[in-house]
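Novice: Here's a structure for you.
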Amino acid sequence: KTVWFKCQRAFYWVMQNAVIFWLLRITHGLKIHGKKNLKKHKEALKSGAITISNHVFYFDLLCVLFAISPHLVHFPAWKTNLGGSNGPWIRMSGGIPIPDGDIRSMMSFNKAIKEVLESDKWLHFYPEGSMWFYYPDIRPLKKAVFKYAVKFDRPIVPIVIGIVVVIGVVVVVVKKRQ
């Protein structure tokens, strides 16, 4: 990564912590439960981790980032999302393009995942594979995430994003399982 990109990502991190998280609290009623569990396992998580969560609305990655703050994560993102109007934001927040299927792209993807995990950073996956808006249950999980955890010997931090409707207002509740 270039110095300019690292500066942009640092600026994004500051904005995320100073503004965006608090906007989510106000606009969506974001509440985090179980953050103390990360502190209990601080030693096990110091060399990085893989977080997983359900994908239920556009801002759930921000909910995950708020739950694991101050850590930044990298995450796989569809190329169509990286090419859209939110592409620069997705890239700055750690998006890694998911390959279309050719061997060279898959090798680059695996190399990027390896670099993230071997540099003691955090990686986030949506193991359900797709976003279903406000879906209340956990769907079947894909196996690849767990293969990465075993291959790179990284713990998995499961996070559940629950949606609670309170008198017509959507409230987001993020829970970390022990």
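Novice: Could you list the chymotrypsin sites (Phe, Trp or Tyr not before Pro) in the stretch 1-95 that lie in coil according to DSSP, counting only those with at most 13 other Cβ atoms within 10 Å of their Cβ?
Specialist: The qualifying sites are Tyr58.
Novice: Name the residue farthest towards the positive end of the dipole of the chain from the options Gly162, Leu38, Pro140, assuming +1 on Cβ of Lys and Arg, -1 on Cβ of Asp and Glu, about the Cα centre.
Specialist: Result: Leu38.
Novice: Using square roots of five times the C-alpha gyration tensor eigenvalues, list the equivalent-ellipsoid semi-axes of the stretch 1-80 in whole Å, biggest first.
Specialist: Over the Cα atoms of the stretch 1-80, the semi-axes work out to 20, 18, 15 Å.
Novice: Over all Cα pairs of the stretch 107-149, how is the pair count split among 10 Å bins, expressed in % and running from 0 up to the last occupied bin?
Specialist: 22, 47, 25, 6
Novice: Here's a follow-up. Radius of gyration and Dmax for the stretch 86-170's Cα atoms, expressed in Å?
Specialist: 15.6, 51
Novice: Could you give the alpha-carbon Rg of the stretch 73-132 over 2.2 N^0.38 Å, rounded to two decimals?
Specialist: For the stretch 73-132, the normalised Cα radius of gyration comes out at 1.11.
Novice: Relative to the first principal axis of the alpha-carbon coordinates of the chain, what is the inclination of helix 103-118, with its axis defined by its Cα atoms, in degrees from 0 to 90 and to the nearest 10?
Specialist: The two axes meet at around 60 degrees.
Novice: Here is a follow-up. On average over all directions, what projected area in square nanometres does the stretch 36-178 have, based on the convex hull of its Cα atoms? Write out the running numbers ahead of the final one.
Specialist: On the way: hull surface 37.3 nm².
For the Cα atoms of the stretch 36-178, the hull's average projected area reads 9.3 nm².
Novice: Which links in Lys6/Lys111; Lys111/Lys142; Lys35/Lys151; Lys35/Lys79; Lys40/Lys151; Lys42/Lys79 stretch past 28 Å when you go from one Cα to the other?
Specialist: Result: Lys35/Lys79; Lys42/Lys79 exceed 28 Å.
Novice: Largest first and to the nearest Å, give the Cα extent of the stretch 1-47 along each principal axis.
Specialist: Sorted largest first, the three principal extents are 35, 34, 12 Å.
Novice: Another question about this same structure. Expressed as a whole percentage, what fraction of the accessible surface of the chain belongs to carbon and sulfur atoms when a 1.4 Å probe is rolled over the protein heavy atoms? Let's see the in-between values first.
Specialist: Values: 6810 of 10720 Å².
Summing carbon and sulfur atoms, their accessible area is 64 percent of the total for the chain.
Novice: Filter the trypsin sites (Lys or Arg not before Pro) in the stretch 69-152 to those in DSSP coil with at most 10 other Cβ atoms within 10 Å of their Cβ, and list the result.
Specialist: Loop-located and lightly packed - Lys143.
Novice: Tell me, what is the per residue accessible area of the stretch 1-81 in Å², probe radius 1.4 Å?
Specialist: Accessible surface, normalised per residue, equals 58 Å².
The values are calculated or read from the model by the stated rules, or taken from the named source; none is laboratory data. Everything numeric here is computed off the predicted structure, so don't read it as measured data. Quick reminder, even Gly has a Cβ in these numbers, built from the backbone with ideal geometry, and neighbours come from all protein chains shown. Only protein heavy atoms, including side chains, enter the accessible area calculation; ligands, DNA and RNA are left aside. Shrake-Rupley method; radii C 1.70, N 1.55, O 1.52, S 1.80 Å.
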